[in-house]
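What follows is a short report on a single structure.
Throughout, read-outs are computed from the coordinates displayed, never taken from laboratory work. The shown structure was predicted, so the numbers you read here are calculated from the model rather than taken from an experiment. In this analysis, Cβ positions are derived from the backbone assuming ideal geometry, glycine residues included, and neighbour counts consider all displayed protein chains.
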Amino acid sequence: MSESIPMNAGHLAQALAAPIARKRSRWHLLRTQGVLVALVLLIIFGATRYDNFLGAYNVLSLLRYNSMFGLIAVGMAFVIMTGGIDLSVGTTAALASVISALLSPRGVVLPLAAGVGAGALIGMINGLIITRLKILPFIVTLCTFLAAHGLALLFAGNQSVSVSWDSGFTEIGQGDFLGFPIPAWMGALAFIAGGLLLNFSAFGRTVLAIGGNEEAARLMGLPVDRVKFLTYLMSGALAGLAGVILASQFGAGQPNEGNGWELFAIAAVVVGGTRLTGGEGSIGSTLSGVLLLGLIFNILNFENGKGVISLSAYWQSVIRGVFLLIVVLLQARLAQKEHEAGG
Amino acid sequence: MNSQASAPLLEMRDITKAFSGVAALKNARLTIGRAEVHALIGQNGAGKSTLIKILTGAYKRDGGEIRFAGQAIDFSTPLQAQRGGISTIYQELNLIPLRSVAENIFLGREPRRLGLIDWPAMYRQAEALLAKLGIGADVRLPLHLCNTATQQMVAIARAVSQHAQLVIMDEPTSSLDEQEVETLFRVIRQLKADGVSVIFVSHRLDELYAVCDRVTVMRDGQTVAEKAMSDMDKLQLVTTMLGRELASTVARAASDSAAPETARQATLQLDHLKSGLRVNEASFAVHPGEIVGLAGLLGAGRTETARCVFGANKVDGGQMKLKGQSVSWQSPADAIAHGVAYLSEDRKIEGIIPEMSVAENLTLVLLPKLVKLGVVNRQAQQEIVQKFISRLQIKTSGPQQKIRELSGGNQQKVLLARWLCSKIDLLMLDEPTRGIDVGAKAEILNLIRELADDGLAVLMIASELEELTAYAQRVVVLRDGYSVRELQGGEISETNIMAAMANAGRATAEEGVQ
């Protein structure tokens, strides 16, 4: 069973197409790629309706801001694909933003490492309790959600913590590299690495196997607990990184930011067609999901800018919620059609 | 001590195991030769599963010795056993339905290239493995889109690719139709030819004779017989397994079947019933006091027909009459309200609620009638529960015991009681004896017979033909969704049923139906 074939030109293309099963109905394709279609339609809508929608400034600031959600969504996607959930990412990001802001006078590396490290630590605690003590992820991460929020307020003294503007720390969130925002680079890297990890590593396949049937995965001898632990560790660390970017981008550690980010991330993952019960999912569609949710806000801002209607932030939230519901409903319908068509 | 090829592949000796003081195994013994297909049989609770779990490292033994391939072994996890050459194919297939066939074979051991999973190689190797087993399947397809037999072959291919020397199959045929069983047997013979030994656990005795070389019989945690298959006939096998004469009960049941009451109004009358792809034209009747058997291969539309009558599947055409009245259901609740009951074939998924007590499970259907002002009348509930526990002789420590702790046969009795306590006219049973040990089988079937004798109309779907020949007054045979044959009285024989199911020449020529 250890034979191997020579690498050829078609190898990668074939391999990239490989995880998508053939002989599935068009419903499956529509369900998994539907979010991409919606994204393209929304971009076309925005581009024809508003000036400067596709201008460099708008695109780059959109990416700069939404990369935080992107990072969190990558971690969340892995957790959800194991059949778990991580509610602690939002306040973990807030905690990391405070810690990195406090350490920001010490340069770039230390606050960055501390922020990511704090997130990783919370992820490890989640993972350990979930795998060793066998407590439901929902409960465990709800507890760490509360604890992280408390810690963030405690460290911050219940107010925002200004960052140092001289140490270079703000470059993480505000700087560019090759004309592209640094956070967007990080986000892009996370998505590429995440995609590779999911589709081309034993780790990724084990994640899906666990979500598909945990008991079977255990009986197959797969390292179930270790992989679950690692997904929470990853999710925590990425949330930490998002928190560092938050502090750096807005010039302050924000103990009360991040509330609801976990829901944004879950929404992005689910809109991307990943099953909330685990076992099936895609990193690429998760990216589409993040961009889709980000674009809706962006478009609402443009709409306000046109001065025809004026929507408060509250109404924007309502509209986003309704839009999300529509997308999820559509997907549920498609999944049903797919089921009826026999896969 | 000696490890030459002539020594047995596996020797388990004097194995003992107790659970919280209760002995599950007392000096159990199992010897498997090389390239041997070995039947392991016994009633539920005889210790088969415990013995296998000790072998595969899922349980730790209290005493005894295990030698495998010439070495003393002591696996502490199923993974270690797998690596040591012992693979298990579980009754509830333990694979990942949403992942592809190839992934299910190679999960955890994916072929790599430059550290990344080499998908083309994985697909090629998976195809080659399945081809060797004589299975053509799209290895890219998610497993849940494959039929059960293919899924099983995938599990076997996984074991083979791990260089297993011993493959344990726990009731592998329980969800296969006859053709699929043939395929499985072919694969087992192939394994044997390749020098792999197989432990074959099954409740279907015919299969043991078809494929096994030797047999180990267990009873009450002990090994009571170890023989060549050819040295034991079926009756010996059953009596050894049960430690008593059972055959008499089954035989008696056949003789006292009363003449069908065709004169009386039919409880259920189906006329050219059509539903979806599986039921094309089903026409038959069930009368009060009668057990009608519904026979057919998997996919012949037996379950679907029953689900139509129960209001769980949509009726697309034809007529359905209940006690002379033409009816059509919106949902099972309608059917239940009119006295129709259906016991599904999958207890675990559609029947029991494992974490709830025997009492709660038993009164679920009746619950609306037990509620006064939103409060459950506990006393009435208790009375009903006690009545049925004693009437059906349900073996339980008490009404509050969780149903999952009961044996399969007793769970089935609770489900029967669930319907019986709410005054029904028509009882439909889908494979009522599946996964139930031989002793309890006869008990359940006799109970069904008594219920029919009390005037209930019973429609029984069964794949075990001897259950139909022994218990049904009439047998309706379905093929591809058509009711192709109806057998009565002396006509009911396994040969006739099989001939009708298989569309074998003469039977069809005679039938004149369809």
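Footprinting exposure proxy ranking of A:314, A:232, B:209, B:482, fewest other C-beta atoms within 10 angstrom first, gives A:314, B:209, B:482, A:232. The simple spin-label model puts a point 7 Å past each Cα toward its Cβ; for residue B:346 and residue B:370 those points are separated by 2.7 nm. Treating r as the C-beta distance of residue A:309 and residue A:158 and R0 as 41 Å, the FRET efficiency rounds to 0.65. Under 1.5 on a/c is rounded, so check that first for segment A:25-340, then, if it is not, pick prolate when a/b is larger than b/c and oblate when it is not; a ≥ b ≥ c are the square roots of the alpha carbon gyration tensor eigenvalues. It comes out oblate by the Cα gyration axes.
Dipole size of chain B about its Cα centre, with +1 on Lys/Arg Cβ and -1 on Asp/Glu Cβ: approximately 1420 debye, rounded to the nearest 20. Note on the protein assembly as shown: semi-axes of the ellipsoid equivalent to its C-alpha gyration tensor, largest first and rounded to whole Å, are 56, 34, 27.
Of A:174, A:33, A:316, the residue with the greatest mean-square motion in the GNM of chain A, using alpha carbon springs below 10 Å, is A:316. Would segment A:40-198 count as rounded, prolate or oblate if I go by the C-alpha gyration tensor, calling it rounded below 1.5 in a/c and otherwise prolate when a/b exceeds b/c, oblate otherwise? Oblate shape, in that a/c is at least 1.5 and b/c is the bigger or equal ratio. Listed by chain and number, the lysines whose C-alpha is less than 22 Å from the C-alpha of residue B:314, apart from same-chain residues fewer than 8 away, are A:337, B:274, B:323.
Treating only the Cβ atoms of Lys and Arg (+1) and Asp and Glu (-1) as charged, compute the dipole magnitude of segment B:10-249 about its Cα centre; round to the nearest 20 debye.
Working: 28 positive and 27 negative charges, 143 e Å.
For this selection, approximately 680 debye.
Pick out which of A:89, A:163, A:318 has the largest mean-square fluctuation in a Gaussian network model of chain A, springs linking Cα atoms closer than 10 Å. The residue that fluctuates most here is A:318.
Any idea how far the Cα center of segment B:379-406 sits from the one of segment A:38-90, in Å? Here the answer is 57 Å between Cα centres. Extending 7 Å from Cα along the Cβ direction at residue A:52 and again at residue B:112 yields two label points whose distance is 5.1 nm. Think of the protein assembly as shown as having a plus end and a minus end, set by charges on the Cβ of Lys, Arg, Asp and Glu; of A:252, B:79, A:131, A:252 sits farthest toward the positive end of this dipole. Taking amide H atoms as placed 1.01 Å from N in the peptide plane, the amide H of residue B:456 lies under 5 Å from those of B:289, each 5 or more residues away in sequence or on another chain.
Relative to a virtual label point 7 Å from the Cα of residue B:277 in the Cα→beta-carbon direction, which members of segment B:469-491 show backbone nitrogen distances below 20 Å? The answer is B:478-483, whose backbone nitrogens lie closer than 20 Å to the label point. By the helix-only formula, in which each DSSP H run with n ≥ 4 contributes -39500 (n - 2.57) and the sum is divided by residues, chain A has a 222 nm mean residue ellipticity of -24500 deg cm²/dmol.
Seen from all directions on average, segment A:94-150 presents a Cα convex hull projection of 3.8 nm². Ranking A:199, A:296, A:169 by how far each Cα lies toward the positive end of the dipole of segment A:25-340 (charges on Cβ) leaves A:199 at the top.
Exposure proxy for A:134, A:228: other Cβ atoms within 10 Å of each Cβ, ordered fewest to most, give A:134, A:228. Convex hull of alpha carbon positions in segment B:10-249: directionally averaged projected area 14.2 nm². Under 13 Å from a label point 7 Å along Cα→Cβ of residue B:454: give me every residue in segment B:403-447 with its amide N that close. Output list for this probe position: B:416-427, B:447. Between residue A:256 and residue A:147, full extension at 0.36 nm per residue minus the direct alpha carbon distance yields a gain of 37.9 nm. Put the Cα centre of segment B:7-35 next to the Cα centre of segment A:177-197 and the gap is 57 Å. Each label point was placed 7 Å from the Cα along the Cα-to-Cβ direction; for residue B:210 and residue B:222 their separation is 3.4 nm. Each residue of segment B:36-42 is assigned a 3J(HN,Hα), and the resulting list reads 10, 9, 10, 7, 10, 10, x Hz, derived from the Karplus form 6.51 cos²θ - 1.76 cosθ + 1.60 (θ = phi - 60°), x at Gly and Pro. Distances between placed amide hydrogens fall under 5 Å for residue B:482 paired with B:280, B:281, all partners being 5 or more residues away or on another chain. Think of each Lys and Arg Cβ as +1 and each Asp and Glu Cβ as -1; about the Cα centre, that makes the dipole of segment A:25-340 roughly 480 debye.
3J(HN,Hα) along segment B:135-141, derived from phi through the Karplus expression 6.51 cos²θ - 1.76 cosθ + 1.60 where θ = phi - 60°, amounts to 10, x, 9, 6, 6, 8, 6 Hz, with x in place of Gly and Pro. Filter B:192/B:227; B:227/B:413; B:60/B:441 down to the pairs with a C-alpha to C-alpha distance above 23 Å, please. From B:192/B:227; B:227/B:413; B:60/B:441, over 23 Å: B:227/B:413; B:60/B:441.
With both partners inside segment B:10-249, how many of the DSSP beta bridges are antiparallel, as a percent to the nearest 5? Spell out each step's value before the answer.
On the way: 23 of 39 bridges.
Within segment B:10-249, antiparallel bridges account for around 60 percent of the total.
Rg/Rh, computed from the Cα trace of chain B with Rh as the Kirkwood radius, has the value 0.99.
Assuming R0 = 30 Å, can you tell me the calculated FRET efficiency for the pair residue B:423 and residue B:491, based on Cβ-Cβ distance, to the nearest 0.05? Write down the numbers at each step before the final one.
Working: r = 34 Å, r/R0 = 1.12.
After rounding to 0.05, the efficiency reads 0.35.
Karplus-based coupling profile of segment B:302-319, in residue order and whole Hz: 5, 4, 5, 4, 4, 5, 5, 5, 8, x, 8, 10, 7, 8, 9, x, x, 10, with θ = phi - 60° in 6.51 cos²θ - 1.76 cosθ + 1.60 and x standing for Gly or Pro. Annotation: the residues B:241, B:229, B:356, sorted from fewest to most other C-beta atoms within 10 Å of their own C-beta, follow the order B:356, B:229, B:241. Only one residue of B:471, A:44, A:67 has its Cα farthest out toward the positive end of the dipole of the protein assembly as shown, where Lys and Arg carry +1 and Asp and Glu -1 on Cβ, and that residue is A:67. Summary of the geometry: segment B:115-132 and segment A:116-134, compared by the centres of their Cα atoms, lie 36 Å apart. What residues qualify as long-range amide H neighbours of residue B:113, i.e. H under 5 Å apart, gap of 5 or more or another chain, H built at 1.01 Å from N? Close amide H contacts, sequence-distant or interchain: B:118.
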